[in-house]
Amino acid sequence: MKFDFKKFFFKKPKNELEGTENVPAPAEEEPKQEAVIPEKLAEKCEKCGQIILKDELDANFGICPKCGHCRKIDARRRIDLCLDDFTELFADEESGNTLDFPGYTEKLADLREKTGEKDGVVCGTGHIGGVLTAVFSMDYRFMMGSMGHTVGEKIAKTFEYATEKSLPVVGFVLSGGARMQEGIISLMQMAKTSAAVAKHGEAGLLYISVLTDPTTGGVSASFAFESDIIMAEKGALIGFAGPRVIEQTIRQKLPEGFQRAEFIEEKGFADLIVERKEMKEKLAAILRLHCGEVVA
Amino acid sequence: MSAYDIVLKSREKGRPTAVKYIENIVEGFIELHGDRRFADDKAVVGGIGYIGGMPVTVIGIEKGNDTNDKIAHNFGCAHPEGYRKAVRLMKEAEKFRRPVLCFVDTSGAYCGIGAEERGQSEAIAMSILEMIRLKTPTLSVIIGEGGSGGALGLSAADEVWITETSTYSAISPEGCASILWKDSSRVADASECLKMTAADLAALGAVERVVPEDGFSERFYVDLKESIVKFFKKQREIPPEELIEARYRRFRKF
């Protein structure tokens, strides 16, 4: 065996809570195919690189028919897929650039125009399998669902509304974390939403969080993991720190599947993994079990 | 002092850490270890003692002092076990109606494989959730860096105080500059824009009190202790339901 001088002399400080000795080898990245795509008609799958017709993709719940990769879907599409009907609430809620953060006002205006949404979450009520439910659904198109004042306010209001009306809450979570441009105000949304979740829970009401790709940062460390039932969408990235930040911190590649839904379930932090196609049915079954009429 | 000067000062070598505050403020401190699940996270120091004759539970995020000490405390970056230990101690305090005092000083919760495997998100989330509905008075004092969710996990209190050259932010200025502007040299600008200094936070209503540091003199600890005792005596008189309601309103306003 060759003596490794580097390893011998430049040991990282030992951190006993981190079992860094037995880390599996990092996954090799697959080479991606490049292709030119006729816009609007077809899209390239970000995972397998194959060209998929848009119609085909839409009919298949936004899942790549070639490799099964779940593409991100926007907040309203998610609601369409999982609810029988939907009445929007708090649609007028919006906030500005409280900290006067450079460029943020323009960014907000631009995204509002592009997406037609005021911010990164759509809230309301509707039926899932016959059970009237309060719902919030986060939108990746709005700064990857990052949580600023509007997102936090609407989610808190959804829980308060549900508490008042004795409704269960289903939350479709998608977020990269804090909205940096709102600084401490963004951080405070974690506490605000948590407080609203706590009140809802103390009223004996059900909260199901559905963690979709990605669920990270401040949102993961608040209402995402404060629910009675944690459902994770197959393949979703779920974690506190993003994989790049972890790789920079520990200076090593992460193993394949790290922080994916399957990993989260295996480690004991998700109740069940659900495929997008079965999501409505699964939600309905759980809701009925908690909120439906008891016959026997 | 510019915002960036304060950022540097909040991380300065030799700045008193949580243990120093505990030594100077808490009488007869008994450290209690472990989360009763997996391990004892030394980045979080917790225990019981007296402040001005009043029994309290004290929890601090400890960065450590010399190199070995810093490594032992993992530079004040807690693992999930740290937050679970904190929750356990808070629940014990609640049972015996003791006020809970937290000293917060962390660049953030630890980012690593073990931390993720054992549910860093869940641990912080539950710490916020349990703290915000705790049926006993709570106070958090930010004494250096208040780094993101890792700091908030111990700051969902009745009031949050901050010493004058400390910071509290959703992200480090380095992180902000590199993510938002792809330019890590703009740390000073980011420090300014994030409004993360004690004075900015007070103006935004994110903290109730800015504590003058007075060069961390003996007087500083005496005054701080006196303010804490006064605060807890006032809070102790409030029924638990009202405490929780007031806390709800405190965070609801943001």
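The values are calculated or read from the model by the stated rules, or taken from the named source; none is laboratory data. All values derive from a computational prediction rather than experimental measurement. FYI the Cβ positions are ideal-geometry reconstructions off the backbone, even for glycines, and counts take in every protein chain you see.
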State the number of residues belonging to region A:267-296 that are assigned to a loop (DSSP other than H, G, I, E, B) and touching a residue at least 40 places away in the same chain (Cβ under 8 Å). 5
With the checklist (1) assigned to a helix (DSSP H, G or I); (2) within 13 Å of chain A (Cβ to nearest Cβ) in hand, flag the one item B:Ser155 doesn't pass. (1)
List the helices (runs of 4 or more DSSP H) inside region A:40-131, counting only whole elements, that have at least 2 residues being assigned by TED's automatic domain parsing to the domain that holds A:Ala224 and at pLDDT 95 or above. A:75-82, A:104-115
Selection count where residues are in contact with an Asp or Glu (Cβ under 7 Å, 6 or more places away or on another chain) and either at positive phi or of a type in the set (D, E, K, R) (or both), scope region A:78-123: 5
Given A:Thr87, A:Thr98, A:Thr125, A:Thr133, which one is in contact with a His (Cβ under 9 Å, 6 or more places away or on another chain), away from chain B (no Cβ under 14 Å) and among the polar types (S, T, N, Q)? A:Thr133
Among the residues that make up region A:194-204, is at least one of them free of Cβ contacts under 8 Å to residues at least 24 places away in the same chain and in contact with a Ser or Thr (Cβ under 7 Å, 6 or more places away or on another chain)? no
Can you pull out the residues in region B:192-217 that are polar (S, T, N, Q) and within 11 Å of chain A (Cβ to nearest Cβ)? B:Thr197
Residue that is farthest from the other protein chains (Cβ to nearest Cβ), among those in region A:164-218 that are surrounded by fewer than 24 Cβ atoms within 10 Å (Cβ to Cβ) and at positive phi: A:Ser166
In the set B:Lys63, B:Lys42, B:Lys85, B:Lys70, which member is touching a Ser or Thr at 6+ places or on another chain (Cβ under 7 Å) and closer than 27 Å to B:Val211 by Cβ? B:Lys63
Sort through B:Ala93, B:Ala115 and tell me the only one that's surrounded by 24 or more Cβ atoms within 10 Å (Cβ to Cβ), assigned to a helix (DSSP H, G or I) and away from chain A (no Cβ under 11 Å). B:Ala93
